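The values are calculated or read from the model by the stated rules, or taken from the named source; none is laboratory data. The model shown is predicted, which means the values in this text are computed figures rather than measured ones. FYI the Cβ positions are ideal-geometry reconstructions off the backbone, even for glycines, and counts take in every protein chain you see. Please note that ligands, DNA and RNA were not included when accessible areas were found on the heavy atoms of the full protein model with its side chains. Shrake-Rupley method; radii C 1.70, N 1.55, O 1.52, S 1.80 Å.
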Amino acid sequence: MKKLFGFVLGAFSLGFAILFGLGLLEQLRSYDVPTKMCGLTAPSSLDPLLPGGDELEQRDAAASNAAGVVWSCQFRVDRENVLTAVVTQRTTDTTVAERYREFQPTYGFTGSETTLGGEPAVLGRNGSLVQVPCPGRGDDASLEVNVRYYAGGGDDAEEDERNVEAFSEDLIQLNSDEYGCQR
């Protein structure tokens, strides 16, 4: 019996070591991916941005007096920031690229100018910044969609960037629909 117990314990330890070595234990989730994110329907593109862990929290990310913020959401897994998204009403007098260059440390990610969903943007593996025209809110109105991905930085920068891009595009569409912006 002792030999069987020793064998079982050894096999379990070996299996645990292999899973840990492959990083698979980090990927296990004890929480469900939400279907809502701070009042909006959560797109499927949220899933690959959420790491393994025991507890997922989401909350409004903006201060109650933050100027122009129309929607925000912060995700934390096991009390660590994972993802923050903030949508702010702006004017079209400056582009996202100009704001990004001027306030890059505030946005908190390194990216390159591009387009997302056909809109001017800055995109990197740890975040995005997109400007969506919103004439329904005024002649020169736009929404600025800012995503900050804190959990990025793994081995695959291209995958991180693809995941941020997909989530950002979905967030553009969700907020355009929610706030009556033309797309």
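Proximity of backbone amide H atoms, modeled 1.01 Å from N, is registered between PHE109 and no other residue at under 5 Å, excluding neighbours fewer than 5 places apart on the same chain. Take each peptide in 28-38, 69-79, count the other Cβ atoms within 10 Å of every residue, and average; sorted highest first, the result is 69-79, 28-38. Of the two radii for region 93-143, the radius of gyration is 0.99 times the Kirkwood radius, both from the alpha carbons; that is the Rg over Rh value. Under a no-solvent Debye model with one identical scatterer per Cα of region 119-169, what's log10 I(q)/I(0) at q = 0.16, 0.19 Å⁻¹? So the normalised log intensities work out to -0.48, -0.60. For region 74-85, backbone phi angles converted through the Karplus equation (6.51, -1.76, 1.60; θ = phi - 60°) give residue-by-residue couplings of 10, 10, 10, 10, 6, 6, 9, 4, 10, 7, 10, 10 Hz, Gly and Pro being listed as x. Evaluated over the Cα positions of region 50-93, the convex hull gives a direction-averaged projected area, one quarter of its surface, of 3.7 nm². For TYR31, the residues whose amide H sits under 5 Å from its own are GLY53, ignoring neighbours fewer than 5 places away on the same chain, with H placed 1.01 Å from N.
More than 23 angstrom separation, counting every C-alpha pair in region 41-175; what % is that?
Counting every Cα pair in region 41-175, those more than 23 Å apart make up 28 percent.
Given a 1.4 Å probe, how much area per residue of region 35-183 is accessible, in Å²? Result: 49 Å² per residue.
Coupling constants for region 110-126 follow from the phi torsions by the Karplus curve (6.51 cos²θ - 1.76 cosθ + 1.60, θ = phi - 60°), and in residue order they are 9, x, 10, 5, 7, 10, 10, x, x, 10, x, 7, 10, 9, x, 5, 10 Hz; glycine and proline get x. Here region 116-183 exposes an accessible surface that is 37 percent carbon and sulfur, computed with a 1.4 Å probe and the other protein chains kept in place.
Taking only the Cα atoms of region 45-123, how large is their convex hull per residue, in Å³?
It is 122 Å³ per residue.
Principal axis extents of the Cα atoms in region 144-183, from largest to smallest and rounded to whole angstrom, are 39, 15, 11.
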